[in-house]
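Note sheet for the following structure.
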Protein chains: 2
Amino acid sequence: MLMLPLKEAKYNEAFKLRMNIIEKIAQHTEAFSKSERKVAEVILKNPQAAIHCSIATLAKMSDVSEPTVNRFCRRLETKGFPDFKLHLAQSLASGTPFLNRHVGENDGPEEYTNKIFESTMASLEVARQSVDPNAINRGVDLLTQAQNIYFFGLGASASVAHDALNKFIRFNVPVVYFEDILMQRMSCMNCSDKDVVVLISSTGRTKSLVEIAQIARANDATVMGLTSSGSPLAKECSLVLSLDVPEDTDMYMPMASRIAQLMVIDILATGFILRRGNKFRENLKRVKETLRRSRYDKQ
Amino acid sequence: MLMLPLKEAKYNEAFKLRMNIIEKIAQHTEAFSKSERKVAEVILKNPQAAIHCSIATLAKMSDVSEPTVNRFCRRLETKGFPDFKLHLAQSLASGTPFLNRHVGENDGPEEYTNKIFESTMASLEVARQSVDPNAINRGVDLLTQAQNIYFFGLGASASVAHDALNKFIRFNVPVVYFEDILMQRMSCMNCSDKDVVVLISSTGRTKSLVEIAQIARANDATVMGLTSSGSPLAKECSLVLSLDVPEDTDMYMPMASRIAQLMVIDILATGFILRRGNKFRENLKRVKETLRRSRYDKQ
DNA sequence: CACAAAATGTAGTAAAATTACAACCAAACC
DNA sequence: GGTTTGGTTGTAATTTTACTACATTTTGTG
């Protein structure tokens, strides 16, 4: 049996779910029996009408019996006629929205803009399904109890760590963030068992980050990894918040994965606020107010 | 006639386009009776599950009688329960119910995780519609012709600028990035008419960034603003890439806006690559290869 | 507190979908 | 050429599902 890497497995699964049933009918046409093909024809001719039909009317329109229609539905891996209609309705809705169309060389600005939005959103949808709320909850637990929180990342993930700093600095916890690997190491040397070190890396194979994880653990700190499951970094972590994001490899740049990471940061920050309760929210409001002085007034 | 601010106008428009029945339920909530509201709650909580329910199970889940569910469906201008399910299925077709549900105090990890994903994706959809491909194209023009590119942002936008650095440093252009406002100023002092200064700020009302814009323009540099249209910063820019993102104000933190900004950076980078052609892509591949040495091998 | 109006539920009915089974058809084999 | 076998289709009964009419309860008002 062929083993797909997890990433691809999840990716395909998510897309299969919304794979257009109309396409499926069109492709599957050979596998149908004669009568079933009649049904297929009628549906393809006017799918919009089909979703408002009862099994009886559709049978009459196709000039077959009702059970034949039912068998037709089942052959398409649906639970039955009503379920089939649901799938059909979804296929019909708003075209094919989250299609992972890749940017092509001859695309104009409008095209690549839309494609990037679409494929990023598709990736986020996949990411969302791969996020484990229990792990999130555990992560929030750890963060709320931390004495100091460290955020480290390198390369593309550095900006994610940077963003995390920006969020958590608003809470009343000391936050540490460095871009420089030496500074990361040094600050980690002094961490304690009450500290949480959050390490961010899509691949989880960045050597110096793995080393940081080891140093932090040697000091009994809690190491939380925002990385892909099963990676060398993941193995060094007390808690892994894994994300399986289909990366657009055409571009040679991290794009969707990084945005998914940011979303996890947002989610952790939100969990943090919720855990701290309402009084704490007032605190945040004050932080925001403080910023006003550095700004021009509205209007 | 009441004039809504642009933000909200676009926001609403985007939702009207997809005649989302989920949105309709959420808004219509006042017009429902007590029992009907119970049904609404159950459906909104897990619309994906609802479409696979019979009227009986949904009634039981909502703790109301079957006819109440039926009346609920009719109130939403559907022909009955099956028709309602069809509409619901279509609304869900895009994968995300594009509903901007706000995180509530009593939400558990699963709930707030989903809500944040959903509302961010909803915001991205709105952002996507507000992006002007012509402006993007003009931006790519400027960036490809620049001798030096500067990326500056403060607060939450600092990490966006940071990310932009990470992307554009891979191309063969000198990129400047500082977090420190004094360094930003100083580096800007020496810029020339061949340079492009990209300033990032959601609000466009950060004083020191506006000043940077003025300094850059005094040196004849091109100032590109990733900010909201009509803001003080926008007024100082040669080109504004505006984004209208409905911000989740509950949280007192920039969330969706920042992600939308990142997407614009991705889009600009992509445009940049496309403009430079295929040979240039080889270049990128090399940059990526270089990173390998700092990583553990796969498997 | 009584009354009307609205909301909700109960029970019966109609419709729709599914199942079990029988008839049919076509190809393979004796 | 008839018979058997596998698959396809339809008929009729069964079950599930949705809807309707009406009774009951709740809510608001004078």
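The values are calculated or read from the model by the stated rules, or taken from the named source; none is laboratory data. Quick caveat, the model's predicted, so the values are computed rather than measured. Quick reminder, even Gly has a Cβ in these numbers, built from the backbone with ideal geometry, and neighbours come from all protein chains shown. All accessible areas refer to the heavy atoms of the entire protein, side chains included, with ligands and DNA or RNA removed. Shrake-Rupley method; radii C 1.70, N 1.55, O 1.52, S 1.80 Å.
Worth pointing out:
- Residue-by-residue Karplus 3J(HN,Hα) for the stretch A:61-69, coefficients 6.51, -1.76, 1.60, Hz, glycine and proline x: 4, 8, 6, 9, 8, 4, x, 4, 4
- Burial order of peptide ranges A:21-29, A:212-220, B:198-206 (average beta-carbon count within 10 Å, highest first): B:198-206, A:212-220, A:21-29
- The stretch A:31-67 and the stretch B:144-158 have Cα centres spaced 58 Å apart.
- Estimated buried accessible area (total), pair A and B, 1.4 Å, Å² to nearest 100: 7800
- For residue A:79, inter-copy separations between label points set 7 Å beyond Cα along the Cβ vector come to 2.2 nm, shortest first.
- Applied to the stretch A:217-231, the Karplus parametrisation 6.51 cos²θ - 1.76 cosθ + 1.60 on θ = phi - 60° returns per-residue 3J(HN,Hα) values of 5, 4, 8, 6, 6, 7, 10, 10, x, 9, 7, 7, 5, x, 7 Hz, with x for Gly and Pro.
- Shortest-first nm distances, residue A:63 label point to equivalent points in other copies (7 Å, Cα→Cβ): 5.5
- Measuring spread by the Cα atoms of the stretch B:132-292 yields a radius of gyration and Dmax of 15.2, 47 Å.
- Per-copy distances of the residue B:185 label point, shortest first, in nm (7 angstrom along Cα→Cβ): 3.6
- Filter on A:167/B:167; B:24/B:167; B:34/B:85; A:45/A:79; A:167/B:24; A:115/A:235 - keep pairs with C-alpha separation over 29 Å: B:24/B:167; A:167/B:24; A:115/A:235
- Pairs of Cα atoms farther than 22 Å apart, the stretch A:19-92, %: 6
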